[in-house]
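Report on one structure; see the data block that follows.
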Amino acid sequence: MDAMAKTSTTTQGLRAAIERSGYYPALVAEAVEAAVGGEAVRSYLVHQETTFDQNEVRRHVTVLVLTANRFLVSHTDEQAADGTSPTPYATTSTESVKIGRISSVVVSRVVANPEQYTPGTLPREVVLTIGWGAVSRLDLEPAACGDPNCEADHGYTGSSTADDLSLRVSEAGDGPETVRQALAFAQAISEATADVTR
C-alpha cells in the first residue's frame, strides 16, 4: 500500500470511528476535519466516555489526531438545558499543538496476572498522558528537616507536573479495539516526538 492510499485509509478510518462512537458524529467530524485541514492523518484515537453527575448522565467524546506537524485534540461535551439555554446543547473545542512543543508522552499499562504475562497480550487498561506545557499541576507541602524537635520554618517543597491531557481506556469499558488503538496512537506520537528531537 503506498503512502497516499494509506493516508486516505487512515482519514476514512478516523471518520468511521467518529461515526461508530454515535456521539453527535456530524458535529464532531466537522470540528475535527476543520482542525486537520488539508494535512494527512497519521494516527488517531476516538474515545467516548459516559459519566454520572449526581442525577444526570453526561457523555463526552475526545478525538486525538496526529499529523506530520501537529497533534490535535478535539473535545465535545453535551449540556442539559440551563439558565443560559432553554434547550440542551453541546460544546466542541479543538486545540492544535506543534509536535515540537510536546514535552512528554506517558503510557501506563495495567495488566492482570503479571507473572503470567506474555509479550503481545493486551493490557487491561491504558492511561495516556501527553504534556505540552499548557497546563501544569503544582503540588506543594511544607518542607521539614530531619530533626523532630525543630520548629523552624523551612518553607515549602513541591513538584510540578505537566497535566495537559490524560485519557484512560479499558478493555472492560471501551473494548479491546479501543485499547489497541490507544496503544497504536501512543506509539505513533512517541515516535513523532522522537523524530523532532533528532
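The values are calculated or read from the model by the stated rules, or taken from the named source; none is laboratory data. Predicted, not measured: the structure shown is a model, and the values here were computed from it. All Cβ positions, even for glycine, are placed from backbone atoms using ideal geometry, and neighbour counts span all protein chains on display. Note: areas computed on protein heavy atoms with side chains; ligands, DNA, RNA excluded. Shrake-Rupley method; radii C 1.70, N 1.55, O 1.52, S 1.80 Å.
What the table below lists for this structure:
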{"item": "Criterion: surrounded by fewer than 17 Cβ atoms within 10 Å (Cβ to Cβ), modelled with pLDDT of 80 or more and of a type outside the set (Ser, Thr, Tyr) - qualifying residue of 146, 175", "result": "175"}
{"item": "Among the residues listed as 114, 123, the single one being open to solvent by less than 60 Å² (accessible area, probe 1.4 Å) and at pLDDT 80 or above", "result": "123"}
{"item": "Within the stretch 25-68, tally of residues that are over 19 Å from residue 167 (Cβ atoms), touching a residue at least 40 places away in the same chain (Cβ under 8 Å) and surrounded by 13 or more Cβ atoms within 10 Å (Cβ to Cβ)", "result": "1"}
{"item": "In the stretch 81-102, the residues that are touching a strand residue (DSSP E or B) at 6+ places or on another chain (Cβ under 7 Å) and either exposed (fewer than 15 other Cβ atoms within 10 Å of the Cβ) or not in a strand (DSSP E or B) (or both)", "result": "88, 89, 91, 93, 98, 99, 102"}
{"item": "Pair list, Cβ < 7 Å and 6+ apart or interchain, from the stretch 73-99 residues that are over 25 Å from residue 128 (Cα atoms) to residues that are assigned to a loop (DSSP other than H, G, I, E, B) and open to solvent by less than 50 Å² (accessible area, probe 1.4 Å)", "result": "88/80"}
{"item": "Qualifying residues in the stretch 160-172 (those that are hydroxyl-bearing (Ser, Thr, Tyr) and open to solvent by less than 60 Å² (accessible area, probe 1.4 Å)) - the one modelled with the highest pLDDT", "result": "170"}
